[in-house]
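Colleague: There's a structure below that I have some questions on.
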Amino acid sequence: MTQDRDLDALVRQRIRGLRVARGWSLDDLAARCFLSASTLSRIETGQRRIGLDQLTAIARVLDTSIDHLVEAEDDQDVVIRPHRDEARGMTTWLLSRDPAPHGIKVAKIRLTQPPPRRRDGELPVHPGRDWFTVLTGTVILLLGERTIRVEAGQAAEFSTMVPHAFGADRGPAEIIAMLDPDGERSHLHR
C-alpha cells in the first residue's frame with residue numbers, strides 16, 4: 001500500500017507542478033479539462049482519488065501522457081549508464097530514451113579500436129543515413145572504397161546504403177551519433 005500512496009502523491013505533485021509551470025490557476029485547469037476547480041483541488045491535495053477518465057483529461061490538457069504522470073521515480077529515469085562491447089571496442093550511452101520522429105536516437109559512442117578491415121570489399125550496409133560529430137580524437141570512416149579521417153570538431157553524414165564502417169584512429173575517439181532504427185541495430189546491437 002505504501003507504493004500506491006507514494007505513486008498517488010507523485011502523480012498529484014506532477015499535476016500541480018505542470019499546472020503551476022503554465023501559470024494556471026485551479027479554475028484555468030478546470031475549464032480546460034471540464035472538471036470543477038474543487039474536484040481538482042481535492043485531487044491535488046489527496047482528498048480525492050484520481051479516476052482514469054479524470055487522469056486522461058488532465059494529462060491531455062497538460063500536454064503530457066498518463067505514462068509520464070505515473071512513471072516511477074528512481075535513478076533509471078535520470079542516470080544513463082554505459083553499455084560496453086569489449087569485442088568491438090565500443091562503449092555507448094543512449095542519450096535519448098524515447099525515439100524522436102522517424103525513430104531517430106542519439107548516442108554518445110567511445111571508440112577504442114580501428115574500423116574492421118575490408119574483406120573482399122565487404123562492409124555492412126543498411127537502409128537510411130548516419131550522422132556523427134567527433135568530440136575527441138580522430139575517427140576513420142570507411143565509406144565504399146574511400147577512407148576518410150574525421151577530426152575532433154568535424155562531422156560526417158552519409159547514406160548507409162554505401163558499404164561503411166568506422167573506428168578510432170591511433171587512440172580513443174568519442175562521437176555523438178544520430179541513428180535511425182536500422183543504424184541503431186547495425187551499429188549498437190550487433
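The values are calculated or read from the model by the stated rules, or taken from the named source; none is laboratory data. Since we're looking at a predicted model, the values are computed, not measured. Glycine gets a Cβ as well: all are built from the backbone with ideal geometry, and neighbour counts include every protein chain shown.
Colleague: Of these, D85, D27, which one is acidic (D, E) and over 30 Å from P127 (Cα atoms)?
Modeller: When all the criteria are applied, what remains is D27.
Colleague: Which pairs turn up if I take residues in the range 113-135 that are in the same structural domain as T92 (by TED's automatic domain parsing) and look for partners that are modelled with pLDDT of 90 or more and charged (D, E, K, R) with beta carbon separation below 7 Å, at least 6 apart in sequence or on another chain?
Modeller: P114/D169; R129/E157; W131/E157; V134/E151; L135/E174
Colleague: So if I check each of P181, P163, which one is surrounded by fewer than 16 Cβ atoms within 10 Å (Cβ to Cβ) and touching a residue at least 60 places away in the same chain (Cβ under 8 Å)?
Modeller: Of P181, P163, the one residue that is surrounded by fewer than 16 Cβ atoms within 10 Å (Cβ to Cβ) and touching a residue at least 60 places away in the same chain (Cβ under 8 Å) is P181.
Colleague: Another one. Out of the range 4-25, which residues are outside any helix (DSSP H, G or I), surrounded by 15 or more Cβ atoms within 10 Å (Cβ to Cβ) and in contact (Cβ under 8 Å) with a residue 24 or more places away in the chain? Quick ask: steps written out before the conclusion?
Modeller: Here is the first cut: in the range 4-25, the ones outside any helix (DSSP H, G or I) are 22-25.
If we keep only those that are surrounded by 15 or more Cβ atoms within 10 Å (Cβ to Cβ) as well, we get 24.
Of everything in the range 4-25, nothing turns out to be outside any helix (DSSP H, G or I), surrounded by 15 or more Cβ atoms within 10 Å (Cβ to Cβ) and in contact (Cβ under 8 Å) with a residue 24 or more places away in the chain.
For (1) over 26 Å from G167 (Cβ atoms); (2) at pLDDT below 80; (3) part of a loop (DSSP other than H, G, I, E, B), each residue gets a yes or a no:
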| position | (1), (2), (3) |
| --- | --- |
| L55 | yes, no, no |
| I58 | yes, no, no |
| T64 | yes, no, yes |
| H68 | yes, no, no |
| E73 | yes, yes, yes |
| Q76 | yes, yes, no |
| D98 | yes, yes, yes |
| I109 | no, no, no |
| P115 | no, no, yes |
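Colleague: If you take the residues in the range 117-130 that are within 19 Å of D85 (Cβ to Cβ) and outside any strand (DSSP E or B), which one is modelled with the lowest pLDDT?
Modeller: Ranking the qualifying residues of the range 117-130, first place goes to R117.
Colleague: Continuing with the same structure: Which one of D28, D53, D67 is surrounded by 12 or more Cβ atoms within 10 Å (Cβ to Cβ) and of a type in the set (D, E, K, R)?
Modeller: After applying the criteria, what remains is D28.
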